[in-house]
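Here's the structure, in structure tokens; my notes come after.
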Amino acid sequence: MSIRRFVTSGAALTLLALGAGSPAWGCGGLVGENGTVQLVKTTTLAAFHNGVQRYVTSFEFTGAGEEVGSIVPLPGVPTAVERGGDWTLQRLAREVAPPLAQGRAESAGAVAASAQVLLETKIDALDITVLKGGGDEVGEWATKNGFVLTPDSPEVLDFYAARSPIFMAAKFNASRAALLGQGRGDGTPIMITIPLDEPWVPLRILGLGLDGAQIVEADVFLLTDAEPDLLAGGPGLTLSRSENASSSLLTDLRTDKGMEWVPPDMWLTYLQLEAPAAELDYDLAISTTAGREPLRAAAGLDLSDSAVHISSHHGRPLWPIAIVVGGAAVLVVSFVRARVRSGAVE
Amino acid sequence: MKTRLVLVAVLLLAASTVAGGTVTARRALVAADDRPLGPGAVTVTLGIEHSAFNMKELEVRRGTTVTFVVRNTDPIAHELIVGDAAVHRRHESGTESNHDRVPGELTVAPHATASTPYHFATPGTFVFACHLPGHVAYGMAGAIRVLDS
């Protein structure tokens, strides 16, 4: 088992996989031609406002080579998939970075059957397809479209399809990246807009293709109209921030591309996920409606699973665990389309 | 997930031990009357779902020819490779993209069924496995014990 170390750079939230010469997503796992997986830390914003959930995450290109793809389970049918703002994720990271955690930021003021293709679009070097179908159908679509699925993919796709048969497949086109001048480490932020009644954030997908002992790391930011109740199914999640979002943060976010919708008041929740892949078998359910608890099913739990209710209400401890949020949309699945498929087989 | 990992660990242990010829099956697939299969011609159907064989152990008599019928209900391809430790060492690093010519070696496409025969001429312990990248580590291996009588 090899556990990759992560590299972060000051303001940049996205992380680089250390696999030299290989392309990778910045939002989850990467499966290489020979089936090896590199760990990539995930950063995601899941914002829920007026019945609409918006995911913002970044796909990072780490070099030329094979085409790389990810499949992201979505909680609903998106009305838009577009390029995200340029600094939203970085600004959120800065908001919770240690120096600002002391409160200075605010003062600064300022298939089977065929999967149904619902949407296709290109964003920079990414080819994005939104699919509707069961796990088998989406898996088959992915296979036919050059994705190499890891052995745990069938079970994980079924896990998500049982709740929401909507997936987003994203493939990095290395040739187009070259034409666009994208180099190793360049990220492409994506924002997905989904009307929802009961938001949830996929987390389990972050462990796709990893050995059970490998640690999944993710930073998950939530912006909601009110302080949320959160429900997760296991340990590994730390509630690091739960507070009214600063006016400076919201102002900065609102001025980013596509973020005009940010209202003057929102609740900021920051969760850090660090869990062995084997234990990350749940998602994060969210409720912002007073008196209504998050749905167990939305967290991927059944009646026999133990759940962790995470909330800072009533002065409860903030360390909790469980929950989480997840990574938003992120996910990952993935695979790599091997240029030389024979080398990936057997 | 935790359960799955435990299973994987057990299977890996079984696979590696079997390859060394010392494994003892804990629960073998046997005939309806609880005796080992064979001798003679026997058909064994192996199901694959969520990258897992529905059988982990098989017990047959020397002189049995087993036709393995593999039903893959996954959206991804799988393999069935039957053989001794040397066979599996070769396939662990092999580059063949498809198996359809050697008895006991089979590639099964997504949502497909395929079959291959294998004759167990000598007693001992054999392994069946899928050697696609990561699949053995995920638990796709089992043991076949061939009895002398």
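Data table
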{"item": "Loss of accessible area when A meets B, both sides summed, Å² nearest 100, probe 1.4 Å", "result": "2100"}
{"item": "Residue-normalised accessible area of the stretch B:47-120, given per residue in Å² at a 1.4 Å probe", "result": "42"}
{"item": "Distance in nm between pseudo-label sites at A:Ala162 and B:Asn98 (7 Å out along the Cβ direction from Cα)", "result": "3.5"}
{"item": "Calculated FRET efficiency for the pair A:Ala290/B:Arg90, C-beta based, R₀ 51 Å, to 0.05", "result": "0.20"}
{"item": "Carbon plus sulfur fraction of accessible area for the stretch A:175-301, probe 1.4 Å, in percent", "result": "49"}
{"item": "B:Thr67-B:Met55 pseudo-label distance in nm [points 7 Å out on the Cα-to-Cβ vector]", "result": "1.4"}
{"item": "Förster radius 41 Å - calculated FRET efficiency between A:Leu180 and B:Ser115, Cβ distance, rounded to 0.05", "result": "0.25"}
{"item": "Separation of the A:His49 and A:Ala97 label points, Cα + 7 Å toward Cβ, nm", "result": "2.4"}
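The values are calculated or read from the model by the stated rules, or taken from the named source; none is laboratory data. Just so you know, these numbers come straight off a predicted model, no measurement behind them. As a convention, Cβ positions derive from the backbone with ideal geometry for all residues, glycine included, and neighbour counts pool all protein chains shown. Heads up: the accessible areas ignore ligands, DNA and RNA and are worked out on the full protein's heavy atoms, side chains in. Shrake-Rupley method; radii C 1.70, N 1.55, O 1.52, S 1.80 Å.
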